[in-house]
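Take a look at the structure below.
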Protein chains: 6
Amino acid sequence: MPIIRIEMFEGRDREQKRQIIKEVTDGFSRATGASPDTVHVVLTDVSTEDWGRGGEAFADKT
Amino acid sequence: MPIIRIEMFEGRDREQKRQIIKEVTDGFSRATGASPDTVHVVLTDVSTEDWGRGGEAFADKT
Amino acid sequence: MPIIRIEMFEGRDREQKRQIIKEVTDGFSRATGASPDTVHVVLTDVSTEDWGRGGEAFADKT
Amino acid sequence: MPIIRIEMFEGRDREQKRQIIKEVTDGFSRATGASPDTVHVVLTDVSTEDWGRGGEAFADKT
Amino acid sequence: MPIIRIEMFEGRDREQKRQIIKEVTDGFSRATGASPDTVHVVLTDVSTEDWGRGGEAFADKT
Amino acid sequence: MPIIRIEMFEGRDREQKRQIIKEVTDGFSRATGASPDTVHVVLTDVSTEDWGRGGEAFADKT
């Protein structure tokens, strides 16, 4: 009954999101033997203005 | 001082969100005896393209 | 298909946790008309040393 | 390798977000001695309709 | 720079956790072309007393 | 009314956690002008077996 949450930079299109949901579910299933039907995946888009490392937003990195 | 976070499919209108905040807070309070004033609720809308089960986005399920 | 996550101070016993899961699920269901069977609840215990407000851990408040 | 996630009311402009990422990263670094380069910060804007306390959305408090 | 968080029932041993981290990272990388080096995975064990569906903890389901 | 959640490697002692709560709260307050009294901080310890990057748990990196 796993719940997989993925935060990533915004900008992936619908087809890439489909692939992410599929590949990550299959990967978890291969690793554990869990049925894919029990695996939830929730994607969250994050703007580069809202994500920082080293004290600086990625939007400001050059 | 509980924090209750709810991820759900997008599309609830403002009145339904009011009801969710009220009912969930009251439910927690009844279960624990905690004062409703200490209960935070944060709602997050998730698109059906961003939520998958069984390796497939809900947007693609027929 | 909502997922409800609750962070609260540690120390609730198993019976209280049962009540929280039941009451919060029923509250969400009443507010939205969603079937309780689709509602997930995940509880997280937080130590008072790990939770602060006003810059001070609750464990240190007198 | 800490990950710092901040939920706050929406409405901060880009310059304030820059300051939040910088100040919170520096604060964590001062407290722990960790290099700022290892600190991730992710900001999440929450609408006052989606955040409640005491069973009432902040949008409805007068 | 994705962050992948996985909540699952407690009880996986260290070798299974290794496999989960590896397979999920590779799956994300295949789907997006992102370098595995940028992918963080954080696992969270959840007790069956702390996870409910349909208003009932999994620990109580027969 | 911000909520700040910090995931970090386990092993910080109580005094370091006090400093983290204090410094991060003050940093947020300086950046935004918000009163420290409104700032919640929740710390989460993560084992190096449960945190991976590049498909490998930190516990296994040499």
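Below is a table of values for the structure above.
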{"quantity": "Residues E:SER47, F:SER29, B:SER35 arranged by fewest to most Cβ contacts within 10 Å", "calculated": "B:SER35, E:SER47, F:SER29"}
{"quantity": "Principal-axis tilt of helix C:14-32 within chain C, Cα atoms, nearest 10 degrees", "calculated": "50"}
{"quantity": "Cβ-derived FRET efficiency at R0 22 Å, D:SER35 paired with F:THR48, nearest 0.05", "calculated": "0.80"}
{"quantity": "Hits among lysines - C-alpha to C-alpha of B:LYS17 under 17 Å, sequence gap 8 or more where chains match", "calculated": "D:LYS61"}
{"quantity": "Which of D:ASP26, C:ASP50 has the fewest Cβ neighbours within 10 Å, and the rest in rising order", "calculated": "D:ASP26, C:ASP50"}
{"quantity": "Residue and distance (whole Å) for the chain E Cβ nearest the axis that superposes E on D", "calculated": "E:ILE3, 3"}
{"quantity": "Label-point separation in nm, F:GLU10 to D:PHE9, each point 7 Å along Cα→Cβ", "calculated": "3.8"}
{"quantity": "Pairwise centroid distance, computed over Cα atoms, of chain B with segment E:8-47, Å", "calculated": "26"}
{"quantity": "Spin-label pair F:ASP60/D:GLN19, simplified geometry with 7 Å Cα→Cβ offset, distance in nm", "calculated": "4.5"}
{"quantity": "Label distances, nm, C:ASP13 versus same residue in remaining copies, Cβ-directed 7 Å point", "calculated": "3.5, 3.5, 4.6, 5.6, 5.9"}
{"quantity": "Radius of gyration and Dmax over the Cα atoms of segment D:3-60, both given in Å", "calculated": "14.2, 43"}
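Rule-based calculations on the coordinates, nothing more; no lab input. These numbers were taken from a predicted model, which means no experiment stands behind them. Virtual Cβ from ideal backbone geometry, glycine too; neighbours counted across all protein chains shown.
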